[in-house]
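The values are calculated or read from the model by the stated rules, or taken from the named source; none is laboratory data. The model shown is predicted, which means the values in this text are computed figures rather than measured ones. With ideal geometry, Cβ positions are generated from the backbone for all residues, glycine too; neighbour counts draw on all protein chains shown. Surface areas here come from the heavy atoms of the whole protein model, side chains and all, with no ligands, DNA or RNA. Shrake-Rupley method; radii C 1.70, N 1.55, O 1.52, S 1.80 Å.
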Amino acid sequence: SASALAATRSVTTQRSREPGSRPTWPGLSLLAQAAFLVLHWLVAALFLWPRYLRPERPRPAPIATRPARRMPALTAAASDASAFEEYSGVYDLMARPFSIPLFRLALRRIGPLPSGAAVLDLGCGPGRELCSLAAHPSVAEAVGVDLSPAMCARARSRVRASGVAATVVAANAANLPNELRDRFDLVLSSIAHHHFSDPVAVARGARSALRAHGRYCIIDYGPERTNSWLAPLARVADPGWRGFLAPSELARLLIGAGFVEVTWSQLSPGIGVAIAETPDGPAQS
């Protein structure tokens with residue numbers, strides 16, 4: 001149960017998870033957003049693009065992630081899509097220099113997909129990653145889920161413009177429609193997990209959507225040190241931010257949701273991909 005996963009959180013974890021109140025002075029919020037954006041572009045310029053553009057080397061072995069002894073208390077706050085409605089028009093443009101190389105590096109770490117794979121993008125946003133997945137030669141079905149109606153509209157427009165076969169569903173990742181159950185080989189969340197207000201429910205939903213030996217891949221900030229200093233900035237600058245989880249906390253969350261193995265691979269300093277696999281057989285209801 002969710003209560004079984006919850007425990008007393010440490011001070012460091014608490015500071016990296018609690019959304020807190022946003023400043024009432026608009027100038028501070030705009031300054032924080034500008035700093036947040038510049039930080040992402042610097043990471044892309046210094047680490048992501050150089051790593052992606054150089055000849056591909058053998059992938060570093062992923063690190064088996066040991067579950068944390070204690071899980072931070074996860075309070076299921078009300079989901080809020082309105083935070084993204086205002087920014088849906090500029091989010092895609094601003095995130096592009098960072099999200100493109102990050103996603104392509106993550107696909108390298110995820111490795112080959114089975115032929116005829118079905119993939120689900122949780123928190124698909126404006127649909128860039130969804131379209132990339134749909135165009136993958138091994139993918140037969142691609143579905144994107146997002147809570148924001150404005151993001152879903154942009155994702156559908158991108159799907160039409162790209163000419164790929166993909167479906168966009170307006171839904172809460174914590175409460176997926178029944179028709180998505182036991183259907184996918186890969187569920188992906190790219191720089192969206194820290195926006196989920198109930199990550200326990202999202203992890204269980206991802207587990208239920210996957211077939212046997214399916215994989216749930218979370219691309220996000222991870223190391224606890226990175227989370228602790230980035231959280232105060234994200235709290236002010238990132239609309240809809242709920243909190244970061246360290247790899248060990250992700251491992252406890254995912255194993256508690258029914259996954260059998262969790263690994264973590266670093267993509268650039270402070271950012272990586274957690275990969276969890278399902279066991280034999282469908283998820284238990």
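The table for this structure:
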{"item": "Carbon plus sulfur fraction of accessible area for segment 180-241, probe 1.4 Å, in percent", "result": "50"}
{"item": "Calculated from backbone phi, Karplus (6.51, -1.76, 1.60) coupling profile of segment 129-143 in Hz, x at Gly/Pro", "result": "5, 4, 5, 5, 5, 5, 7, 5, x, 8, 9, 9, 9, 10, 10"}
{"item": "At 1.567 mPa s and 4 °C, Stokes D of segment 92-232 from Kirkwood alpha-carbon radius, µm² per second", "result": "85"}
{"item": "Check: segment 89-225 dipole with +1 on Lys, Arg Cβ and -1 on Asp, Glu Cβ, in debye", "result": "260"}
{"item": "Karplus-derived 3J(HN,Hα), 6.51/-1.76/1.60, for each residue of segment 172-180, Hz, glycine and proline x", "result": "7, 4, 7, 8, 5, x, 4, 5, 8"}
{"item": "Heavy-atom accessible area ranking, 1.4 Å probe, most first, across TYR52, TYR216, TYR91", "result": "TYR91, TYR52, TYR216"}
{"item": "Amide hydrogen neighbours beyond the local backbone of ALA246, cut-off 5 Å, H modeled", "result": "none"}
{"item": "Of GLY214, SER197, ALA257, farthest towards positive along the dipole that unit charges on Lys, Arg, Asp, Glu beta carbons give segment 177-285", "result": "SER197"}
{"item": "Pairwise label distance in nanometres, SER162 with LEU39, each label 7 Å out on the Cα-Cβ vector", "result": "2.8"}
{"item": "Three principal axis lengths of segment 168-242 [C-alpha, angstrom, descending]", "result": "39, 25, 20"}
